[in-house]
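Here the structure comes first, spelled out in structure tokens, and everything after it is commentary.
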Amino acid sequence: MRRYETIFILRPDAGDPQIKETIKRYEGIIVAGGGEMIETEEWGSRELAYRIKGERRGYYVRLDYVSPGPVMNEVERNLKLSDTVLRYLSVLVDDDADVAKVREELEARNRRIAEARAAQEARVAALTASQQQQERIEDAPEEIMEAAIDEIGGPEGDGQPD
């Protein structure tokens, strides 16, 4: 089976339930045709580079799936007929894809992304802690001076506590 990637742009004025229903509809076409969904990504509402059917914004969706060629053609036919779809593009990613191998690669990629995020968060936390420690060190001379002034007895140095 072939691996395809289809990206389509929906009208931004379509409500969230209608967007979810539209995505489920295309996933259903793929599964009903003997294909298998690998991943669905909703990129959300974004500014378009130019007006498409009078719209300046669009809701982007990416479908990654494995299916026979006629299924992709059916998905494109339905995208063409839909009034809520502004643009679409399907690309053949792999001519002979193994679903298990693709899923394994996807899980490995997601793990690497999660590890990178965790490492980034740890670096940010360490930097924040370091900055807080530096602020405490910078504030320490003022505290020492205030304590010394209190001990000496005020700024005049009269030897009497305030």
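The values are calculated or read from the model by the stated rules, or taken from the named source; none is laboratory data. Just so it is clear, the structure is predicted and the values come from calculations on it, not from any experiment. Here the Cβ positions follow ideal geometry from the backbone for every residue, glycine too, while neighbour counts run over all protein chains shown. Areas reflect the complete protein model, heavy atoms only, side chains present, ligands, DNA and RNA absent. Shrake-Rupley method; radii C 1.70, N 1.55, O 1.52, S 1.80 Å.
Could you tell me how many of the residues in the stretch 59-84 are surrounded by fewer than 13 Cβ atoms within 10 Å (Cβ to Cβ) and either in contact with a helix residue (DSSP H, G or I) (Cβ under 6 Å, 6 or more places away or on another chain) or among the acidic types (Asp, Glu) (or both)?
Of the residues in the stretch 59-84, 1 are surrounded by fewer than 13 Cβ atoms within 10 Å (Cβ to Cβ) and either in contact with a helix residue (DSSP H, G or I) (Cβ under 6 Å, 6 or more places away or on another chain) or among the acidic types (Asp, Glu) (or both).
Please tell me if Glu74 is closer than 25 Å to Pro12 by Cβ and either touching a strand residue (DSSP E or B) at 6+ places or on another chain (Cβ under 7 Å) or among the acidic types (Asp, Glu) (or both).
Here the answer is no, as Glu74 does not meet what is asked.
Does any residue of the stretch 70-87 turn out to be modelled with pLDDT under 90, more than 29 Å from Leu48 (Cα to Cα) and of a type outside the set (Ser, Thr, Tyr)?
No.
Whether any residue in the stretch 48-58 is open to solvent by 50 Å² or more (accessible area, probe 1.4 Å) and of a type in the set (Ser, Thr, Tyr) is what I want to check.
Looking through the stretch 48-58, at least one residue is open to solvent by 50 Å² or more (accessible area, probe 1.4 Å) and of a type in the set (Ser, Thr, Tyr).
Every residue in the stretch 6-19 that is more than 18 Å from Val99 (Cα to Cα) and part of a strand (DSSP E or B), please.
Ile7, Phe8, Ile9, Leu10
Mind checking whether some residue in the stretch 24-31 is farther than 18 Å from Gly69 by Cβ, in contact (Cβ under 8 Å) with a residue 40 or more places away in the chain and either of a type in the set (A, V, I, L, M, F, W, C) or open to solvent by less than 30 Å² (accessible area, probe 1.4 Å) (or both)?
no
Say we look at the stretch 86-132 and pick out the residues that are among the β-branched types (Val, Ile, Thr) and closer than 29 Å to Glu36 by Cα; which of these is surrounded by the most Cβ atoms within 10 Å (Cβ to Cβ)?
As a first pass, look at the stretch 86-132 and keep what is among the β-branched types (Val, Ile, Thr): 91, 93, 99, 102, 113, 124, 128.
Now restrict to residues that are closer than 29 Å to Glu36 by Cα: 91, 93, 99, 102, 113.
Working: Val91: 10, Val93: 15, Val99: 15, Val102: 19, Ile113: 10.
The extreme case among them is Val102.
I need every pair where a residue in the stretch 35-54 that is closer than 30 Å to Arg103 by Cα has its Cβ under 6 Å from the Cβ of a residue that is assigned to a strand (DSSP E or B) and open to solvent by 50 Å² or more (accessible area, probe 1.4 Å), sequence separation at least 6 or different chains.
Ser45/Arg57
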